[in-house]
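One structure is given here, and the rest of the page talks about it.
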Amino acid sequence: MALSDQLSALATRAKAAEDRAAAAKQKAKTDLEQDAKAAHQSAQNHADALRTKAAETKDQASAGLDKVQQSWNDHVAAARRNFDDRKAAHDLKSAQRTADRANKDAEWAIDYAYSAVEDAESAVLDAILAQMDADELTNA
């Protein structure tokens, strides 16, 4: 898949996430719980596939990207554990703190994803420039 096609797929996926988040407020709690569980599984599947891809291309990819991915995976796992632990609390103050923390985690994840999209754009443009340089040398 061409890099520009991958960026397009990323934009489509981001739009789908936006649409699902907007619709979530209108759903029944049990339906939303199922959606959240499915989203967690999808994210885990994607992370697993990314780990496999990174392992297969380890000599080709930047070593720093592997560390970033592991750090992100650790953060997501900790956030989910914390959310699950706090979800068990039944008093109002605990429930509100859990909701506040979940909102902060979501804000951070969105900021991180936004940064990742900008980094992806930069990497795509660098790859195109590198290919142009190689083509110029080929044609010289």
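For LYS104, which of the numbered conditions (1) at pLDDT below 75; (2) surrounded by 10 or more Cβ atoms within 10 Å (Cβ to Cβ); (3) not small (Gly, Ala, Ser) fails to hold?
(1)
Select from segment 1-45 the residues that are part of a loop (DSSP other than H, G, I, E, B) and closer than 26 Å to SER122 by Cβ and list them in ascending order.
MET1, ALA2
Look at GLN44 and say whether it is within 29 Å of LEU129 (Cα to Cα) and either loosely packed, with under 11 Cβ neighbours inside 10 Å or not aromatic (Phe, Trp, Tyr) (or both). Show your work before the answer.
On the way: within 29 Å of LEU129 (Cα to Cα): no; either loosely packed, with under 11 Cβ neighbours inside 10 Å or not aromatic (Phe, Trp, Tyr) (or both): yes.
The answer is no for GLN44.
Could you tell me which of the residues ALA11, ALA49, ALA23, ALA77 is within 13 Å of the chain's Cα centre (by Cα) and modelled with pLDDT of 85 or more?
Only one candidate qualifies: ALA11.
Select from segment 9-31 the residues that are over 19 Å from GLU107 (Cβ atoms) and aliphatic (A, V, I, L, M) and list them in ascending order.
Across segment 9-31, the qualifying residues are ALA9, LEU10, ALA11, ALA16, ALA23, ALA28.
The values are calculated or read from the model by the stated rules, or taken from the named source; none is laboratory data. Please read all numbers here as calculations on a predicted model, not as lab measurements. Note that we place each Cβ from the backbone using ideal geometry, even for glycine, and neighbour counts take in every protein chain shown.
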